[in-house]
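Visitor: Quick one: the structure is below, questions incoming.
The values are calculated or read from the model by the stated rules, or taken from the named source; none is laboratory data. Since this is a predicted model, take the numbers as computed values, not measurements. Virtual Cβ from ideal backbone geometry, glycine too; neighbours counted across all protein chains shown. SASA here: full protein model, heavy atoms, side chains in, ligands and nucleic acids out. Shrake-Rupley method; radii C 1.70, N 1.55, O 1.52, S 1.80 Å.
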Amino acid sequence: LQEIALAQIEAQPSEVVYVQNLSFFDRPNLDLLRGQGRLLVGQISSEPPADEQLRGFDLLLTSFPHFVERFRSLGVDSDFLQIGFYERVLDRLRDRRVDPGPEAQRPHALSFVGGIDPRYSQHRAGAELLERVAAELPLEVWGYGSEGLAAGSALRRAYRGEAWGIDMYEVLARSRIVVNRHGPIAAGYANNMRLFEATGAGAMLVTEAAPNLADYFEPGHEVVTYDGPADLMEKLRHYLDHDEERKRIAAAGQARTLREHTYGKVIARLSEILEARLS
């Protein structure tokens, strides 16, 4: 696969090679690409590979604010690039006769889509949190990692199978409330794709309080935040019982995402970052 990719790159007059799996090319091939005079750029918002691999890139982009200085300390140029929402998803949903408007009929009262395997360190605390929600509230869960759940797990009972791509967006667009959680790698920052996927699809997002969340959404107006399990349960119960409030927040969150957090905006910012390095 590396040989095929290298041949494809060689056939193109590109100035930039943009890599979203930092471990795809081995270090000798990273050095080869850089030696050809191309700007070698990596994007990551998960556990990074070894420092030696990271040093094979000219520029590392990340939606983790704390990763920027981490990468720069290795001597690698780095910049912040947030995740966004692809607004054409809404047309795909409408083609499926799914209304992504916050006022639409949404059969799933409360949902989560994502990793739930408690054996995986990045999901363990989140799985424990969702376990509590599933034990007390009508949570429905789609995702991966269910094989790691105990036989009597409430989360296992709430599990509805996997949902990827447009199927995932359909789940979100049919959900009134979507629960969000981040793994330890986020170091307390709001960052993940679910922030924008859920709000873009018209669900009300309930996510952890975070120091940078206000950079994306106004807490209490466009999304709902929680501080710990007890607060989460209280908030979920409140909005399950107060649907008009839920609709207002969901509408404001969706409007903010479609106004400011689309991939049209993200790619324009990416273009600025790359052009600045090429000039």
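Visitor: Counting each DSSP H run of 4 or more residues in the chain as -39500 (n - 2.57), what helix-only mean residue ellipticity at 222 nm follows after dividing by all residues, to the nearest 500 deg cm²/dmol?
Guide: Details: 12 runs with 122 residues, N = 279.
The helix contribution divided over the chain gives -13000 deg cm²/dmol.
Visitor: Taking the chain as a Gaussian network, where each spring joins two C-alpha atoms under 10 Å apart, which residue of Gly220, Gly42, Gly84 fluctuates the most?
Guide: Gly220
Visitor: Would you mind calculating the gained length between Ile185 and Asp95 on full extension (0.36 nm times residue separation, minus the Cα-Cα distance), in nm to one decimal?
Guide: On the way: separation 90, 0.36 × 90 = 32.40 nm, distance 3.65 nm.
Length gained, Ile185 through Asp95: 28.7 nm.
Visitor: For the chain, what is the accessible area per residue in Å² when the probe is 1.4 Å?
Guide: Values: 13160 Å² over 279 residues.
With all protein chains present, the chain gives 47 Å² per residue.
Visitor: Here's another thing I want to ask about it. What does the charge dipole of the chain about its Cα centre add up to, to the nearest 20 debye, if the Cβ of each Lys and Arg holds +1 and the Cβ of each Asp and Glu holds -1?
Guide: Details: 32 positive and 41 negative charges, 102 e Å.
Value, rounded to 20: 480 debye.
Visitor: Of Ala50, Tyr120, Gly161, which is farthest towards the positive pole of the chain's charge dipole, taken about the Cα centre with +1 and -1 on the beta-carbons of Lys, Arg and Asp, Glu respectively?
Guide: Gly161
Visitor: In the chain, carbon and sulfur make up what percent of the accessible area (probe 1.4 Å)? Don't skip to the end; give the middle numbers.
Guide: Details: 6510 of 13160 Å².
Using a 1.4 Å probe with all protein chains present, the chain comes out at 49 percent carbon and sulfur.
Visitor: Which value in nm describes the separation of the simple spin-label points at Ser73 and Gln36, placed 7 Å from the Cα toward the beta carbon?
Guide: So the label points at Ser73 and Gln36 sit 3.4 nm apart.
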